[in-house]
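Report on the following structure.
The values are calculated or read from the model by the stated rules, or taken from the named source; none is laboratory data. Nothing here was measured: the structure is a model prediction, and the numbers come from that model. Methodologically, a virtual Cβ is constructed for each residue, glycine included, from the backbone with ideal geometry; neighbour enumeration extends over all protein chains shown.
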Amino acid sequence: MKPTTPTISDSTLIVIAGPTGSGKTDLSVAIARHFHAPIISTDSRQVYRGMAVGSAQPSDEQLAAVPHYFIAGRDVTERFTCADFEREALALLDRLFAENKYVVAVGGSGLYIDALCDGLDELPDADPELRKELSDRLSAEGLEALAEELKRLDPIYYETVDRQNPARVLRALEVCLQTGKPFSSFRTGSKTKRPFRIIKIGVTMERTELYARIDRRVDAMMEQGLEAEARALYPFRALPSLQTVGYREMFAHFDGEYGLGRAVELIKRNSRRYAKRQLTWFNRDPSIRWFHPSETDAIIRHIVSPGV
RNA sequence: GGUGCCAUAGCUCAGUUGGUAGAGCAACGGACUGAAAAUCCGUGUGUCCCUAGUUCGAUUCUUGGUGGCACCA
């Protein structure tokens, strides 16, 4: 009989995805405790300090119960992108899997999850100066002019890109100008095989239940001091990290655009819409197995024997 | 109890001189590669309160109900 020496392929990343307010955090702590696993967050906003309430970071008790990574480790003024996340998370997993068979990854940012599980293409990071220049040109010349330039520099991507989406057109143009090569030449569309097993759990429920939970959670955030938190972050309101549901509406309220009650209403509505977009993203991933957050036992069984 | 007004999408309402209807908001569906809680695209989802008439045809006109609001008692 051969000795069963542990190899890296025994390592398992338990990915927990789902819309905002679905109960991912509580579930992740329960799963992590059961499998004695640390938790890494795949949430693009919970990485920042000072956003504990509005981004629904895990509670102090939860943070004390299980080691967490990528929670409140960055200043809101720092740039932190999906590529930074991929690099750092992979390096971290290397270390964590040296001592743990299981690691839990939980969060609502679909792009971060895909970056971690499948890898991003080798693209250059954004150049802030070029980006500024392009966004100035966007307001001066209009989107159509920039799309025309993209047509010249990368006719292939121009055919498939959403030409009405400034973010898409600008990013492609940015890469073309920065590298002198068409954006499409970097897009392989291939997935990187990771040196660990991946099991994806999706958390969801009836829309009416989800929306009721979102409403309740927004009310809870208000009780926990969202207004004061947003007040403290107001000077940073123009930063990418603060383009976030919960804060934007509060900032607009501080600017006198509407009353506090209206702000709370809008936070609820925009959270619902965000949840909808998350579900659209996750629904196209056939490797996700969906559960109600209360089905902890079934989820554990599925992790132990995913084939069943 | 009497009189008047109202009843159309989830909500607020418009409209059809009789040919089964449309705005705003909400909602729903989708896209997504270094800003992703971002950014963008698409979609009316309807016993026109019920009933019986008139009519080729009624959400629209008439009868009788039901519910709501207002005023008078």
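Among residues belonging to segment A:278-291 that are more than 7 Å from RNA strand B (Cβ to nearest atom) and assigned to a loop (DSSP other than H, G, I, E, B), point out the one that is nearest to A:GLY110 (Cα to Cα). Here the residue is A:ASP285. Looking across A:ARG95, A:ARG87, A:ARG131, one residue alone is among the basic types (Lys, Arg), assigned to a helix (DSSP H, G or I) and more than 9 Å from RNA strand B (Cβ to nearest atom). It is A:ARG95. Can you say whether A:VAL53 is closer than 18 Å to A:VAL245 by Cβ, within 14 Å of RNA strand B (Cβ to nearest atom), crowded, with 16+ Cβ neighbours inside 10 Å and among the β-branched types (Val, Ile, Thr), as far as the supplied structure shows? When the stated conditions are applied, A:VAL53 passes them. Check segment A:135-151 and report whether any residue there is more than 30 Å from A:ASP297 (Cα to Cα) and within 25 Å of the chain's Cα centre (by Cα). Yes, the conditions are met somewhere in segment A:135-151. Does segment A:198-207 contain any residue that is within 8 Å of RNA strand B (Cβ to nearest atom) and either among the hydroxyl-bearing types (Ser, Thr, Tyr) or farther than 21 Å from A:LEU111 by Cβ (or both)? Checked segment A:198-207: at least one residue is within 8 Å of RNA strand B (Cβ to nearest atom) and either among the hydroxyl-bearing types (Ser, Thr, Tyr) or farther than 21 Å from A:LEU111 by Cβ (or both). Checked against (1) of a type outside the set (A, V, I, L, M, F, W, C); (2) under 30 Å from A:THR296 (Cα atoms); (3) touching a helix residue (DSSP H, G or I) at 6+ places or on another chain (Cβ under 6 Å); (4) within 12 Å of RNA strand B (Cβ to nearest atom), A:PRO124 passes all but condition (2). Candidates in segment A:33-63 are the residues that are more than 22 Å from A:ALA115 (Cα to Cα) and not in a loop (DSSP other than H, G, I, E, B); of these, the one that is farthest from the chain's Cα centre (by Cα) is A:HIS34. For segment A:115-122, the criterion of being in contact (Cβ under 8 Å) with a residue 60 or more places away in the chain, among the small types (Gly, Ala, Ser) and in contact with a Lys or Arg (Cβ under 7 Å, 6 or more places away or on another chain) is met by at least one residue.
In segment A:42-64, the residues that are under 15 Å from A:ALA220 (Cβ atoms) form Cβ pairs under 9 Å with partners that are more than 8 Å from RNA strand B (Cβ to nearest atom) and among the basic types (Lys, Arg), at six or more places apart or across chains, as follows: A:ALA56/A:ARG217. Exactly one residue among A:LEU150, A:LEU138, A:LEU63 is of a type in the set (A, V, I, L, M), touching a helix residue (DSSP H, G or I) at 6+ places or on another chain (Cβ under 7 Å) and surrounded by fewer than 18 Cβ atoms within 10 Å (Cβ to Cβ), and that residue is A:LEU138.
Yes/no per residue for (1) touching a helix residue (DSSP H, G or I) at 6+ places or on another chain (Cβ under 7 Å); (2) within 30 Å of A:ASP10 (Cα to Cα); (3) part of a helix (DSSP H, G or I):
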{"position": "A:ILE267", "(1), (2), (3)": "yes, no, yes"}
{"position": "A:ARG272", "(1), (2), (3)": "yes, no, yes"}
{"position": "A:LYS276", "(1), (2), (3)": "no, no, yes"}
{"position": "A:PRO293", "(1), (2), (3)": "yes, yes, no"}
{"position": "A:ALA298", "(1), (2), (3)": "no, yes, yes"}
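I need a count of the residues in segment A:280-296 that are surrounded by fewer than 19 Cβ atoms within 10 Å (Cβ to Cβ), under 16 Å from the mean Cα position of the chain (by Cα) and either touching a residue at least 60 places away in the same chain (Cβ under 8 Å) or over 15 Å from A:ASP114 (Cα atoms) (or both). Result for segment A:280-296: 2.
If you filter segment A:224-256 down to residues that are away from RNA strand B (no atom under 14 Å from the Cβ) and not in a helix (DSSP H, G or I), you find that the one that is nearest to the chain's Cα centre (by Cα) is A:GLY225.
Is it the case that A:CYS117 is within 9 Å of RNA strand B (Cβ to nearest atom) and either touching a Ser or Thr at 6+ places or on another chain (Cβ under 7 Å) or at pLDDT 95 or above (or both)? Even if it seems obvious, please write down each step before you answer.
Working: within 9 Å of RNA strand B (Cβ to nearest atom): no; either touching a Ser or Thr at 6+ places or on another chain (Cβ under 7 Å) or at pLDDT 95 or above (or both): yes.
So A:CYS117 fails the test.
I want to confirm something. Restricting to segment A:141-197 and keeping residues that are part of a loop (DSSP other than H, G, I, E, B) and basic (Lys, Arg), which single residue is nearest to RNA strand B (Cβ to nearest atom)? Of everything passing the filter in segment A:141-197, A:ARG187 is nearest to RNA strand B (Cβ to nearest atom).
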